Amino acid sequence: MAIKLRAEDVYKKCDDNIFDFETTQELSPLTGTIGQDRAIASLEFGLNLPAKGFNIYALGAPGTGKMRAIRTLLSEKVKQESVPPDWCYLYNFKNPDAPIAVSLPAGRATEFQKDMENLVNTLKVEIPKAFESKEYDKQRNKILEDFQQKQKEWFSTVEEDARTKGFAIRKALAGLIIVPVKRDGEPLTEEEFQALDIETRKRIDELGKMLQDKLDDVVRAVKEAEKIVKDMLLRLERQIALDVIEQPIEELKKKYSFNERIVNYLDAVKEDILNNVQDFKIQEETVPPMPPFMKIQREVSFAKYSVNVLVNNSATEGAPVVYEPNPTYLNLFGRIEYKIQYGMAITDFTMIKPGSLHKANGGYLVIDAMALIKNLFSYDSLKRALRSKEIRIEDVWEQYRLITTTTLRPEPIPLNVKVILTGTPFLYYILYNYDDEYRELFKVKADFDIRMPRNEENIIKYAQFVALCQKEEELLPFHRSAIAKIVEYGSRLAEHQEKLSTQFSSIADLIRESHFWAKKDGKDIVYAVHVNKALEQRVYRSASIEEKLRELILEDVLIVETYGKKVGQINGLAVIDLGDYSFGKPSRITARTYLGKAGIVNIERETKMSGKIHEKAVMILSSYLWSKYAIKKPISLSASLTFEQLYEMIEGDSATCAELYALLSSIADIPLKQNIAVTGSMDQKGEVQPVGGINEKIEGFFELCKIRGLDGSHGVIIPRRNIKHLMLKEEIQKAIDEGKFHIYAIEYAEEGLEILTDMKAGELMPDGTYPEGTINYLVMKKLEEMSELLKKKEKEEEKKNEK
């Protein structure tokens with residue numbers, strides 16, 4: 001039996017007497033999350049389980065409070081956890097292209113960095129000072145004087161021997177040579193030498209060769225001595241430098257003795273300084289005739305003794321939490337920067353920069369899943385890092401270059417992080433079903449619901465949420481009547497009288513808009529009237545397309561009749577969703593029947609303008625028709641169904657009841673009321689099933705009828721199971737209360753047929769027929785007549801063919 005709904009059936013009010021305060025100024029703000037017990041439990045489980053692969057995906061519709069819940073839980077949890085260590089990169093003296101990664105207790109990395117800076121600055125002063133000391137000069141001069149004395153003695157012996165034999169030592173391009181001389185000491189010319197007799201020339205050649213051999217031996221001995229002297233000077237310099245650097249380096253080694261890698265690094269630093277003492281002796285020299293800006297800055301070489309602090313947790317309290325809004329590869333994994341010098345891109349270990357994974361290491365990293373998927377390399381690299389438990393800083397574009405470039409290969413850093421992805425359910429199930437690695441790495445699902453029960457506890461929490469927004473954003477206080485309206489709007493968003501929406505971003509927007517209208521009204525408190533004003537203006541700002549479509553209907557460009565009766569025609573209801581705004585649109589559905597065996601032809605399907613769900617609904621309609629009227633005799637029927645003036649795809653099964661009524665009206669030639677619109681799906685037994693967008697559908701038809709003039713006959717037929725989803729606007733409640741508009745709720749399809757025709761549907765009798773004067777009787781009678789007529793025509797065709 002159809003139910004005629006009352007005004008109180010189509011809207012569930014919130015009694016503001018439930019609140020024990022006047023305004024939110026008296027109310028404590030909300031703490032925690034509302035209505036997400038399942039999701040919170042999942043988050044707590046995932047955050048507290050340290051096992052590998054138990055990272056979290058928080059899924060839910062936008063605005064359901066995912067980020068607020070995650071922030072709240074993490075803010076409490078990280079306080080109980082220890083601060084992770086600092087990380088820094090050091091120069092690798094054995095392999096400069098592979099910087100060394102070293103961890104230190106929180107805050108100690110910057111301390112070590114300052115210690116190394118102080119060490120280098122001290123050595124820059126003390127080493128040159130040591131080399132300017134008298135002791136160094138004395139030892140150095142002694143070595144040089146001894147060498148010079150010995151060198152002088154060697155050359156003097158050869159020179160004296162040569163002089164007594166009539167020869168002298170002269171410098172030439174090839175070095176020192178022995179040449180014969182005359183009595184006056186001048187060298188013997190070639191002509192003079194040739195003028196001598198053969199015996200004399202032979203004797204001079206022999207003596208010259210012997211003396212040259214002696215001279216060459218002395219030169220070789222001097223060169224060997226020079227090497228020895230150079231080594232002695234280097235050893236002296238090394239000892240002098242060692243006397244300066246040994247104590248400060250030993251102090252640092254003692255200070256950082258708890259870290260073996262730093263101790264080894266300091267030993268390498270000491271050895272490198274001893275091998276490069278000249279860098280400290282002369283810090284800057286100008287090479288003429290270069291201009292001043294071309295000075296050779298020897299300080300550049302000191303960069304290898306610096307410390308690149310990658311992660312500094314000195315100011316961190318508890319475990320770190322990083323929210324990465326733009327998860328590009330470089331933002332996640334860090335980068336190696338370059339600087340252009342003399343037209344070349346150069347880099348070193350001090351130009352290694354950290355990513356979000358470095359900063360979140362030892363804590364938690366929160367990323368938007370869609371943003372992660374959109375960024376090239378990010379998703380695959382994150383999975384690889386979670387599998388290997390280490391962070392590698394790499395040049396990901398290297399494999400795509402035609403020419404390989406030299407770059408650094410920093411040592412990987414061990415990774416210990418809990419990753420929390422946030423996103424939509426659609427993306428979650430795509431990843432879960434199509435990515436095996438995802439299932440192994442993100443084993444915890446935190447599902448945020450879009451609705452919660454509308455009970456007293458949650459209504460109070462709704463009020464506390466309003467108080468939170470009011471105090472955080474310094475809005476006007478909200479009166480309890482305004483909060484009641486917001487609660488009712490929460491039910492409208494949830495499309496359920498016993499539920500409230502958890503899409504708090506939309507609720508927060510309504511709170512801000514209501515504050516705006518109260519402020520504009522010159523009030524100090526936000527009342528229910530201001531919430532209603534905000535809702536009206538929200539619709540007004542978005543309803544231009546709806547108004548244009550309604551204008552087309554009123555101008556009869558789009559034909560929708562709201563008066564009188566028509567055979568095979570009915571008004572169906574659809575919802576147009578623009579994303580930011582949804583509204584109901586009445587559509588004219590027509591049916592035509594004729595002799596034949598084609599069955600029910602869906603014109604939208606034939607023109608490929610019908611979706612699979614709608615095609616299924618038409619097939620269910622055919623099944624219902626045949627099971628209802630082909631009990632004793634088979635029926636033959638050709639019929640067509642269509643949505644008139646439909647120029648886009650149609651999908652869904654909410655028009656099944658309307659299509660059935662139009663089809664039966666056409667078969668039995670019974671007119672249907674055009675002042676009543678229909679929505680509702682049905683199964684093969686004729687039971688009416690609930691549909692979505694019920695509020696928008698009713699309001700769309702009501703607006704059209706209101707403009708044309710309500711006369712008390714207009715109304716809508718809906719599924720009875722949709723009553724609990726009704727949260728209609730106040731204007732419709734008033735029209736129902738005054739008897740100007742009606743909403744009928746039906747459980748079986750035949751109940752709606754009786755409303756549209758003012759006739760009884762008729763119950764099936766034991767003999768397989770329906771009572772006379774009922775709709776079912778007329779339908780069956782007409783179907784039997786059509787079958788008989790079709791048989792008669794077939795027989796006539798057979799006789800004609802035989803003749």
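Mind checking the angle between helix 260-275 and the chain's longest principal axis? C-alpha axes, 0 to 90 degrees, to the nearest 10.
40
Work through the residues other than residue 595 whose Cβ is under 11 Å from its Cβ and net out their charges, Lys, Arg +1 and Asp, Glu -1.
After counting each charged neighbour, the total is +1.
Relative to the longest principal axis of the chain, what angle (0 to 90°, nearest 10) does the C-alpha long axis of helix 37-48 take?
Approximately 20 degrees, to the nearest 10.
Efficiency by 1/(1 + (r/R0)^6): what FRET value for residue 134 and residue 377, r their Cβ-Cβ distance, R0 = 56 Å, to the nearest 0.05?
Computed FRET efficiency for residue 134 and residue 377 comes out at 0.35.
At R0 = 30 Å, how high is the FRET efficiency between residue 13 and residue 473 if r is their beta carbon distance? Nearest 0.05 is fine.
Details: r = 28 Å, r/R0 = 0.92.
For R0 = 30 Å, the calculated efficiency reads 0.60.
Can you give me the distance in nm between label points at residue 536 and residue 97, each placed 7 Å from the Cα along the Cα-to-Cβ direction?
7.5
Identify which of the listed values of Kirkwood radius over Cα pairs in Å was calculated from the structure shown: [x] 29.6; [y] 36.4; [z] 33.0.
[y]
How would segment 1-72 be classified by its alpha-carbon gyration tensor: rounded, prolate or oblate, with rounded meaning a/c under 1.5 and the a/b versus b/c comparison settling the rest?
It is oblate, given that a/c is not under 1.5 and a/b is not larger than b/c.
Modelling each spin label as a point 7 Å along the Cα-to-Cβ direction, I'd like the residue 194/residue 171 distance in nm, to one decimal.
About 3.0 nm separates the two model spin labels.
For helix 480-494, what angle does its Cα long axis make with the longest principal axis of the chain, in degrees from 0 to 90 and rounded to 10?
Helix 480-494 sits roughly 90 degrees off the main axis of the chain.
By how many nm would the segment from residue 272 to residue 206 lengthen if fully extended, with 0.36 nm per residue of separation less the alpha-carbon distance?
Details: separation 66, 0.36 × 66 = 23.76 nm, distance 5.33 nm.
Length gained, residue 272 through residue 206: 18.4 nm.
Checking the table 66/418; 124/230; 66/445 against a 20 Å threshold on Cα-Cα, which pairs fail?
Details: 66/418 17 Å; 124/230 23 Å; 66/445 12 Å.
As for pairs spanning more than 20 Å Cα to Cα, those are 124/230.
What does the charge count around residue 327 come to, taking other residues whose C-beta lies under 11 Å from its C-beta (Lys +1, Arg +1, Asp -1, Glu -1)?
-1
Report, in listed order, any pair from 782/803; 79/254; 628/791; 565/628; 612/781 with a Cα-Cα distance greater than 23 Å.
Beyond 23 Å between Cα atoms: 782/803; 79/254; 565/628; 612/781.
Given N residues in segment 316-447, what is Rg(Cα) / (2.2 N^0.38 Å)?
Working: Rg = 16.4 Å, N = 132, 2.2 N^0.38 = 14.1 Å.
With N residues counted in segment 316-447, Rg over 2.2 N^0.38 Å equals 1.16.
Taking a threshold of 25 Å on the Cα-Cα distance, which of the pairs 519/740; 548/729; 52/94; 533/673 fall above it?
The answer is 519/740; 52/94; 533/673.
To the nearest 0.05, what FRET efficiency results for residue 384 and residue 338 with a Förster distance of 30 Å applied to their C-beta separation?
0.75
With label points built 7 Å along Cα→Cβ from the Cα atoms of residue 597 and residue 576, find their separation and express it in nm.
For the pair residue 597/residue 576, the computed spacing is 4.3 nm.
Find which of 714, 753, 642 sits farthest along the positive direction of the dipole of the chain, computed with +1 on the beta-carbon of Lys and Arg, -1 on that of Asp and Glu, about the Cα centre.
753
Could the peptides 226-239, 156-169, 414-427 be put in order, highest first, of the mean number of other beta-carbon atoms found within 10 Å of their residues?
414-427, 156-169, 226-239
Considering only C-alpha atoms, what is the centroid distance from segment 507-532 to segment 426-475, in Å?
26
Could you give the radius of gyration (one decimal) and Dmax (whole number) of the Cα atoms in segment 547-790, in Å?
Cα-based Rg and Dmax for segment 547-790 come out at 17.6, 56 Å.
Could you tell me how many cubic angstrom of Cα convex hull volume segment 134-281 has per residue?
146
Once the piece of chain linking residue 395 and residue 788 is laid out straight, how much longer is it, given 0.36 nm per residue of separation minus the C-alpha distance between them?
133.3 nm
Which value at 222 nm does the chain reach when only helices count, each DSSP H run of 4 or more adding -39,500 (n - 2.57), with the total divided by all residues and rounded to the nearest 500 deg cm²/dmol?
Helix-only estimate at 222 nm: -15000 deg cm²/dmol.
Can you list the lysines whose alpha carbon is less than 26 Å from that of residue 209, not counting same-chain residues fewer than 8 positions off?
150, 152, 165, 171, 182, 223
Using only the Cα atoms of segment 726-799, build the gyration tensor, take square roots of its eigenvalues as a ≥ b ≥ c, and label the shape rounded, prolate or oblate: rounded if a/c is under 1.5, else prolate if a/b is larger than b/c, else oblate.
Cα axes put segment 726-799 in the prolate bin.
The numbers here are math on the coordinates, done by the rules we state, and not lab data. The model shown is predicted, which means the values in this text are computed figures rather than measured ones. A quick note on method: Cβ atoms are made from the backbone with ideal geometry, for glycine too, and the neighbour counts reach across all protein chains shown.
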